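Novice: Got a structure for you, questions after.
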Amino acid sequence: MPQDGRISFESTGTKFDIRVSLLPTLHGEKIVMRLLSKDATDIDINTLGFDTKQLQDYLEGIKKPNGIILISGPTGSGKTTSLYATLKILNEEKTNIVTIEDPIEYTLEGINQVQLKEDIGLSFSSALRSFLRQDPDVIMLGEIRDGETAQMAIRAALTGHLVLSTIHTNSAWGTISRMIDMGVPSYLLASTLSLSVAQRLVRILCSNCKERKAFNTNLFPSSYKAPRKIETHFEPVGCEQCFYTGYKGRKAVYEVIPIDYELSEAIKNEKFNIREELAEKGINQLMDNAFQLFEKGETSIDEVYAMLMSN
């Protein structure tokens with residue numbers, strides 16, 4: 001049978017959780033191990049990957065006393081790390097912060113963290129109901145999975161709380177239609193949503209062994225039109241310093257949409273195609289920021305290819 005478990009591991013004073021998943025296959029057990037540092041003290045929002053404008057918009061959004069901030073992206077795109085970097089900024093002695101997570105990936109001193117246990121009825125929505133009786137200032141939900149949780153999160157934001165959560169959508173504006181599909185009235189979403197963020201993780205090329213090559217535009221997806229001509233690019237090679245992978249470290253690519261009056265009206269009217277409006281406001285899409293990272297030679301075409309396809 002497939003098995004899931006957890007290993008606690010300590011090395012040179014650093015504690016790790018290793019989440020283990022075993023799957024029986026034709027020729028033996030297939031094992032995936034996910035390494036998670038238990039300590040969030042080293043997470044710094046300035047090093048995650050926000051550009052200057054995105055960071056300014058994001059910090060302004062989280063300083064609001066109420067509203068909802070949503071971070072979207074697929075599994076493993078670093079959403080939880082972004083949330084913890086945010087909680088670190090908000091974590092003050094006078095601020096009551098509560099979280100419900102599945103699982104608790106990092107521990108932060110001064111924050112009340114609750115582990116989801118659906119088998120005994122402790123779900124995201126039931127925990128959220130209890131949180132509202134705990135006089136919180138900030139509520140962090142690990143994920144909005146269903147309509148009931150979505151509506152509870154909106155209700156919490158309406159009653160004067162700052163709500164942070166993640167959701168699975170392909171783009172920052174796609175979050176709007178997803179929430180409406182979950183049964184949240186568009187007028188309520190328009191009055192509570194402060195920020196919508198999308199993110200992906202890309203691997204950074206090893207600076208010791210990356211190799212400059214001539215670039216052929218055929219390497220771009222056929223539907224993609226690059227804003228500028230690319231003459232050369234860097235490819236991964238592999239050396240001792242990067243354990244022969246060609247990559248060393250990762251960086252998040254963000255799309256940050258602060259919801260102003262005009263965008264709030266677009267949400268009310270359920271207007272889902274607003275690419276021109278976002279461009280006028282100087283808001284870059286994921287593909288724009290991915291292209292910039294590739295153009296600078298920080299990552300390879302393989303790492304950003306999927307984002308350049310997302311129109």
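The values are calculated or read from the model by the stated rules, or taken from the named source; none is laboratory data. Bear in mind the structure is a predicted one, so any value in this text is a computation, not a measurement. Cβ: placed from backbone, ideal geometry, glycine included. Neighbour counts: every protein chain shown. Note: areas computed on protein heavy atoms with side chains; ligands, DNA, RNA excluded. Shrake-Rupley method; radii C 1.70, N 1.55, O 1.52, S 1.80 Å.
Novice: Please go through the stretch 287-305 and give me each residue that is open to solvent by 10 Å² or more (accessible area, probe 1.4 Å) and either under 17 Å from Lys53 (Cβ atoms) or part of a loop (DSSP other than H, G, I, E, B) (or both), ordered by number.
Specialist: Matches in the stretch 287-305: Met287, Asp288, Asn289, Gln292, Leu293, Lys296, Glu298.
Novice: Please tell me if Arg203 is modelled with pLDDT of 95 or more, among the basic types (Lys, Arg) and farther than 30 Å from Ala153 by Cα.
Specialist: So Arg203 fits the description; yes.
Novice: Still on this structure, I have one more. Looking at (1) in contact with a strand residue (DSSP E or B) (Cβ under 6 Å, 6 or more places away or on another chain); (2) open to solvent by less than 20 Å² (accessible area, probe 1.4 Å), which is the only condition Tyr84 fails?
Specialist: (1)
Novice: Turning to a different aspect of this structure: With the structure loaded, tell me whether Thr169 is modelled with pLDDT under 90, under 14 Å from the mean Cα position of the chain (by Cα), open to solvent by less than 30 Å² (accessible area, probe 1.4 Å) and closer than 27 Å to Val32 by Cβ or whether it fails that test.
Specialist: Yes: the conditions hold for Thr169.
Novice: Output the residues belonging to the stretch 94-138 that are at pLDDT below 90, in contact with a strand residue (DSSP E or B) (Cβ under 8 Å, 6 or more places away or on another chain) and surrounded by fewer than 16 Cβ atoms within 10 Å (Cβ to Cβ).
Specialist: If the condition is that a residue be at pLDDT below 90, in contact with a strand residue (DSSP E or B) (Cβ under 8 Å, 6 or more places away or on another chain) and surrounded by fewer than 16 Cβ atoms within 10 Å (Cβ to Cβ), then Pro103, Thr107 are the ones that fit.
Novice: Go through the stretch 38-65 and give me each residue that's crowded, with 16+ Cβ neighbours inside 10 Å and either in a loop (DSSP other than H, G, I, E, B) or among the polar types (S, T, N, Q) (or both).
Specialist: The answer is Ala40, Ile43, Leu48, Gly49, Phe50, Gln54.
Novice: Is it the case that some residue within the stretch 54-61 is out of contact with any Ser or Thr (no Cβ under 6 Å at 6 or more places or on another chain) and of a type in the set (Gly, Ala, Ser)?
Specialist: No.
Novice: Please specify each residue of the stretch 5-37 satisfying the condition of being open to solvent by 70 Å² or more (accessible area, probe 1.4 Å) and under 25 Å from Leu108 (Cβ atoms).
Specialist: Arg6, Ile7, Ser8, Phe9, Glu10, Thr12, Lys15, Met33, Arg34, Leu35
Novice: Tell me yes or no: at least one residue of the stretch 156-163 is at pLDDT 95 or above, open to solvent by less than 20 Å² (accessible area, probe 1.4 Å), part of a strand (DSSP E or B) and touching a helix residue (DSSP H, G or I) at 6+ places or on another chain (Cβ under 6 Å).
Specialist: Scanning the stretch 156-163 turns up at least one residue that is at pLDDT 95 or above, open to solvent by less than 20 Å² (accessible area, probe 1.4 Å), part of a strand (DSSP E or B) and touching a helix residue (DSSP H, G or I) at 6+ places or on another chain (Cβ under 6 Å).
Novice: Among the numbered conditions (1) touching a helix residue (DSSP H, G or I) at 6+ places or on another chain (Cβ under 9 Å); (2) open to solvent by 90 Å² or more (accessible area, probe 1.4 Å), tell me where Glu270 comes up short.
Specialist: (2)
Novice: Criterion first (modelled with pLDDT of 90 or more, part of a strand (DSSP E or B) and open to solvent by less than 70 Å² (accessible area, probe 1.4 Å)) does Glu265 satisfy it?
Specialist: The answer is no for Glu265.
Novice: State yes or no: is Leu308 without any contact (Cβ under 8 Å) to a residue 40 or more places away in the chain and open to solvent by less than 20 Å² (accessible area, probe 1.4 Å)?
Specialist: no
Novice: Give me the residue from the stretch 268-286 that is out of contact with any strand residue (DSSP E or B) (no Cβ under 9 Å at 6 or more places or on another chain) and part of a helix (DSSP H, G or I) and, out of that set, modelled with the lowest pLDDT.
Specialist: Per the stated criteria, the residue is Arg275.
Novice: Is there a residue in the stretch 222-245 that is under 19 Å from the mean Cα position of the chain (by Cα) and either open to solvent by less than 100 Å² (accessible area, probe 1.4 Å) or not β-branched (Val, Ile, Thr) (or both)?
Specialist: no
Novice: Something else now. Given the residues Ile68, Ile62, Ile43, which is the only one that is aliphatic (A, V, I, L, M), at pLDDT below 90 and either touching a helix residue (DSSP H, G or I) at 6+ places or on another chain (Cβ under 9 Å) or within 24 Å of Thr169 (Cα to Cα) (or both)?
Specialist: After ruling out the rest, the residue left standing is Ile43.
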